[in-house]
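Report on the following structure.
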Amino acid sequence: MNKIILSILLISCPFAGDIYKQVRVESATKESIHILQKAGLDVDHSYKHRDEWIEFAISEKHLSKLTATGLPYRVIHEDLETYYASRLDNEYESRDFELGSMGGYYTFAEIEYHLDALHNDYPHLITEKISLGNTLEGRNVWMVKMSDNPDEDEDEPEMLYTGLHHAREPMSYMNLFYFMHWLAENYETDLEAKALLNNRELYFIPAVNPDGLVFNLEYSPNGGGMQRKNMRETCSWTPDGVDLNRNYSFMWGYDNVGSSSDGCNETYRGSAPFSEPETNIVKAFVESHDFKLALNYHSYGNLFIRPFGFDPDQDPPQEDFEIFIEYGEAMTQFNNYHFGTGIETVGYTVNGEACDWMYGEHGIFAYTPEVGASNDGFWPATSRIIPLAEENLYPNKFAAWAVGAKYDVNFNLEEGPYEPGNTYSTNLDIFNSGLGNSIGELTLEIDSPQNYFNFATQEVNIEGISARSGVELGDIFSFTVLPTAPAGVLAEVSINISEGGVLLYTEFFQLILGTAVPIAEYDFESAAGWSVGDANDNATAGIWELAIPVATSFDGNQAQAGSDHSEFGQYCFLTGAATSPGSVGYDDVDGGKTTLYTPVFDLSGEDEALVSYWKWYTNHVGDNPGTDFWKVEITDDGANWVTLENTNASSASWIQMNFLLSETGISFGNAVQLRFIAEDAYYSGDSGTGGSIIEAAIDDFSISVFESDNNYITGDVNLDGVLNVLDVVIMVNYILGGTEFTDLQFSLGDVNGDNTINVMDIILLVQYIAPEN
């Protein structure tokens, strides 16, 4: 009888005590990875450093398989679940986004609660949660739809987001909840959020595998559980279940490397394609809709994976291949995830996988984002939940646009300086890079909140644009800077695009009016009075210095600049010029901050000045990407500093920055100075010693002042400096066709700024000359 009871306990709790380890195999060549997969080891979610090493999670019971391969390895974490749990904090609070009770992650009950809460708070934007069917253990697989009329089936492009195919990857759904909240909370205040929900139907399946998540909660209530598969009994010991992301029909069972026929293997594909209720639910839902694009979220590895995964020699047809590449590169341009197939990113193959099935059988452009860096793992630290969700906000928005018409606008203005009285050309091209045609007429408009410009044409209507095609409109929006516009101001011009009366796109351009005359210029071929160091500096490496930059990179992500910005010369100020082959972190900023000071400038007597410089700043590589900040400050007394820049935005390219000093609030005296601060700091929840790989550089710095304002007077068409009856006579003569005007005269004669000269302008001019008492 005791033996029977013991057997029942073993079946009902098959691997509660199973221990997972993080191991590093000291070879990551294609041959080594093939050996690992052939041995039945799961390298599906791993981190690969070139061909040198690969890290992945492995059950203690499978360690003998790894040893049998003969590949050298070492254990990084003896108990991965305990390690993950040590970084999770149920007391961690965020004012921006409500976290869950499982180390910050939502339990399945909290997933249900938050879906209900979103609908209750925004019933006009999100449906009630809808059950698509039941899992193996009878739980609901929930779906919600977001749109401006969520309960109606409108003729709008459809987009699909899924999460939690694997139960130990909670960032896959936390990211989706963050995006859903962003859409709903910003609908009334953010142009893009409103336009997306007004023109798209966005479908979310946050948890494909709730049974596995509930199991992880039962045995690791504070987070860190390592159950991956669903809860079907497939193994007499561990790990039980079917890998849902190997259970789709396209190339199911193609080989025993990309999936396994062994029920005890982490990539066990099931007894047949769609043998599992969870994958059948996804199948039925996809086949009842017209999805053109899908994001199936997983973690981890900072990867963005495209089809095909089953065979490294198979690619989509050329046209589709180019779209996959175009979209993938666009969606990873800011989070810098490594983009490619499984073979191209970490060197493994998969078969029976969701994205391969969605594209291979239904033509859906499907991608697998793997959220989180190697140090984040399956359960990133609680403090990392929001940063990881934020870095996937852009790809989520991009994909939502791409399922329909997505307008890439190329609007160029003739280069300045923008002098009052002069006319400037523009060039406008629009390409619909999306997968859907325009749904209505497009209205193009150019505008400015300041009365500094005359636009030759302010609004143009064109027919819609077909998917993957464009139009070249040329110089339809040329403009004249009014003669009365002041010099030394920052003016704004916007280009707006509406479709069917709904504003979809706005881009702003800042124009500095007047000619800026440099009073100090530095191309840094010499230090020229600049100085390094502050009493509070504490960086141990990567100190500012004048040097020739040498590019560094990690997994294809560039950190340090490879050349200066100047047209002539080689030098710039940068943070640590020393490099070491294969070490991106050699002489980057470490352990604190380093400060670079400009000389002191005398701006006495000026009422405006322009500071301009080119910067390079990256923080997107390392243990804690995106956590460190770049700061630029200015003072007029050496004691009180005003912030010009304080950002954690990373850009592996030279970017020009311009600031008008009147907008900073400083005094124009003889003690104006700037400082540039790069910092590697430790923040609570950071992995390792904190910080990331920090590289910064400065080049082509200048301070300029402006020539005095012009003395033109509106209505003074004879340019004699006074308004009188002679100006009225000349304007009447112009209207009657008896004389011609130069551009300057036309700008001065257009008194009411409507881009024409007519009797209304004459009436206003007469009122200026002889105002009513």
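The values are calculated or read from the model by the stated rules, or taken from the named source; none is laboratory data. No experiment lies behind these values; they were computed from the predicted model shown. Virtual Cβ from ideal backbone geometry, glycine too; neighbours counted across all protein chains shown. With ligands, DNA and RNA removed, areas are computed over all heavy atoms of the protein, side chains included. Shrake-Rupley method; radii C 1.70, N 1.55, O 1.52, S 1.80 Å.
From Cα pairs below 8 angstrom and at least 6 apart in sequence, can you work out the relative contact order of the chain, rounded to a whole percent? Write down the numbers at each step before the final one.
Details: 1834 pairs, mean separation 70.7, N = 773.
RCO, the chain: 9 percent.
Hey, can you grab everything whose amide H is under 5 Å from the amide H of LEU293? Only 5+ residues off in sequence or another chain; H modelled, so Pro and N-termini drop out.
Under 5 Å from the amide H of LEU293 lie the amide H atoms of LEU160, PHE365, each far enough along the sequence or on another chain.
How big is Rg to Rh over the chain, alpha-carbon atoms, Rh as the Kirkwood inverse-mean-distance radius?
Details: Rg = 30.9 Å, Rh = 29.6 Å.
Here the Rg-to-Rh quotient is 1.04.
At a probe size of 1.4 Å, how large is the accessible area of ASP754, to the nearest 10 Å²?
Here the residue's solvent-accessible area equals roughly 70 Å².
Averaged per residue, what accessible surface does the stretch 593-635 expose to a 1.4 Å probe, in Å²? The partial results should precede the final answer.
Numbers: 1150 Å² over 43 residues.
Per residue, the stretch 593-635 has an accessible area of 27 Å².
What is the Cα centroid distance between the stretch 486-507 and the stretch 92-119, reported in whole angstrom?
Here the answer is 38 Å between Cα centres.
Applying 1/(1 + (r/R0)^6) with R0 = 41 Å to the Cβ-Cβ distance of ARG468 and MET657, what FRET efficiency is obtained, to the nearest 0.05?
The value I calculate is 0.70.
What are the ³J(HN,Hα) values, in whole Hz, obtained from phi via the Karplus relation 6.51 cos²θ - 1.76 cosθ + 1.60 with θ = phi - 60°, for each residue of the stretch 520-534 in sequence order, with x given for Gly and Pro?
7, 9, 9, 9, 6, 6, 8, 5, 6, x, 7, 9, 10, x, 9
Starting from the 7 Å offset along Cα-to-Cβ, what nm value, one decimal, do you get for the label separation of SER271 and ASN256?
Roughly 2.0 nm, to one decimal.
Can you give me the angle between helix 2-12 and the longest principal axis of the chain, using Cα atoms only, in degrees from 0 to 90, rounded to the nearest 10?
Long axis of 2-12 versus the principal axis of the chain: about 20 degrees.
Can you give the accessible area per residue of the stretch 385-478, in Å², using a 1.4 Å probe? Please report the intermediate quantities before stating the final value.
Numbers: 3790 Å² over 94 residues.
Accessible area per residue, the stretch 385-478: 40 Å².
Using a probe of 1.4 angstrom, how much of the accessible area of the stretch 160-307 is carbon and sulfur, in percent? Mind dumping the intermediate values first?
Details: 1720 of 3630 Å².
The value for the stretch 160-307 is 47 percent carbon and sulfur by accessible area.
So which trypsin sites (Lys or Arg not before Pro) in the stretch 71-147 pass both tests, a DSSP loop state and at most 16 other Cβ atoms within 10 Å of the Cβ? Mind dumping the intermediate values first?
Numbers: sites: ARG74, ARG87, ARG95, LYS129, ARG139, LYS145; in loops: ARG87, ARG95, LYS129, ARG139.
For trypsin sites (Lys or Arg not before Pro) across the stretch 71-147 that sit outside H, G, I, E and B with at most 16 neighbouring Cβ atoms in 10 Å, the list reads ARG95.
Tell me the mean residue ellipticity at 222 nm calculated for the chain from its helices only (DSSP H runs of n ≥ 4, each -39500 (n - 2.57), averaged over every residue, nearest 500). Display every interim value, and only then the final one.
Numbers: 17 runs with 165 residues, N = 773.
Value at 222 nm, helices only: -6000 deg cm²/dmol.
For the chain, take the longest principal axis of its alpha carbons; what is the angle in degrees between that and the long axis of helix 277-287, to the nearest 10 within 0 to 90?
40
Roughly how many Å is it from the Cα centre of the stretch 372-397 to that of the stretch 188-243, as a whole number?
Cα centroid of the stretch 372-397 versus Cα centroid of the stretch 188-243: 15 Å apart.
Please give the FRET efficiency for ASN724 paired with GLU414, using the beta carbon to beta carbon distance and R0 = 25 Å, rounded to the nearest 0.05. Present the calculation step by step, with values, prior to reporting the outcome.
Details: r = 35 Å, r/R0 = 1.40.
For ASN724 and GLU414, the calculated efficiency is 0.10.
If packing is taken as the average count of other Cβ atoms within 10 Å, what order do 64-73, 486-495 fall into, highest mean first? Don't jump to the answer; show the numbers that get you there.
On the way: 64-73: 13.1, 486-495: 18.1.
Peptide ranking by packing, descending: 486-495, 64-73.
Please report the net charge: other residues with Cβ closer than 9 Å to the Cβ of ASN619, K and R +1, D and E -1. If you can, show how the numbers build up before the last one.
Working: positive: none; negative: ASP628, ASP680, GLU695.
Around ASN619, the surrounding residues sum to -3.
Under the rule of at least 5 residues apart or a separate chain, name every residue whose amide H is placed under 5 Å from the amide H of TRP53.
Result for TRP53 returns ALA28.
If I stretch the segment between GLN318 and SER702 completely, what's the gain in nm (0.36 nm per residue apart, minus their alpha carbon distance), one decimal? Walk me through the numbers on the way to the answer.
Values: separation 384, 0.36 × 384 = 138.24 nm, distance 4.75 nm.
So the extension gain works out to 133.5 nm.
Subtract the Cα-Cα distance of THR540 and VAL75 from 0.36 nm times their separation in residues, and report this length gain in nm to one decimal.
Numbers: separation 465, 0.36 × 465 = 167.40 nm, distance 3.01 nm.
Full-extension gain reported as 164.4 nm.
Measure nothing fancy, just the Cα-based angle from helix 210-219's long axis to the longest principal axis of the chain, in degrees from 0 to 90, nearest 10.
Compared with the principal axis, the helix lies near 70 degrees.
Carbon and sulfur atoms: what percent of the 1.4 Å accessible area of the stretch 363-485 do they account for? Don't skip to the end; give the middle numbers.
Numbers: 1670 of 4090 Å².
Taking all protein chains in place, the stretch 363-485 shows 41 percent carbon and sulfur surface.
Relative contact order for the stretch 382-440: what percent, with Cα pairs under 8 Å and sequence separation of 6 or more? Could the numbers behind the result be given before it?
Details: 56 pairs, mean separation 24.0, N = 59.
Taking the mean separation of contacting Cα pairs over the length of the stretch 382-440, I get 41 percent.
Over the stretch 205-283, with the other protein chains present, what is the accessible area per residue in square angstrom, probe 1.4 angstrom? Please list the in-between numbers first.
On the way: 2230 Å² over 79 residues.
It amounts to 28 Å² per residue over the stretch 205-283.
Find how many whole Å separate the alpha carbon centroid of the stretch 588-638 from the alpha carbon centroid of the stretch 694-773.
40
Could you give each residue of the stretch 490-496 its phi-based ³J(HN,Hα) in whole Hz, using Karplus coefficients 6.51, -1.76, 1.60 with θ = phi - 60°, and x for Gly or Pro?
Calculated HN-Hα couplings, in order: 9, 9, 10, 10, 10, 10, 10 Hz.
List, in order, the whole-Hz ³J(HN,Hα) value for each residue of the stretch 297-314 obtained from phi through the Karplus relation with A = 6.51, B = -1.76, C = 1.60 and θ = phi - 60°; use x for Gly and Pro.
Calculated HN-Hα couplings, in order: 6, 9, 8, 9, x, 6, 10, 9, 9, 10, x, 9, x, 7, 8, x, 9, 9 Hz.
Once both labels are modelled 7 Å past Cα along the beta-carbon direction, what's the VAL460-PHE508 spacing in nm?
A separation of 2.4 nm, rounded to one decimal place.
Efficiency by 1/(1 + (r/R0)^6): what FRET value for TYR597 and GLN333, r their Cβ-Cβ distance, R0 = 41 Å, to the nearest 0.05?
Plugging the Cβ-Cβ distance into 1/(1 + (r/R0)^6) gives 0.80.
If you roll a 1.4 angstrom probe over the protein chains with everything in place, what fraction of the accessible area of the stretch 505-546 belongs to carbon and sulfur, to the nearest %?
Numbers: 1080 of 2220 Å².
Of the solvent-accessible surface of the stretch 505-546, carbon and sulfur hold 48 percent.
Expressed as a rounded percentage, what relative contact order does the stretch 544-631 have, with Cα pairs under 8 Å and six or more residues apart? Don't skip to the answer; put the middle values down first.
Details: 93 pairs, mean separation 22.4, N = 88.
Once divided by the residue count of the stretch 544-631, the mean separation gives 25 percent.
Out of residues 5 or more away from SER101 or on other chains, whose amide H comes under 5 Å of its own, with H placed 1.01 Å from N in the peptide plane?
Under 5 Å from the amide H of SER101: THR107.
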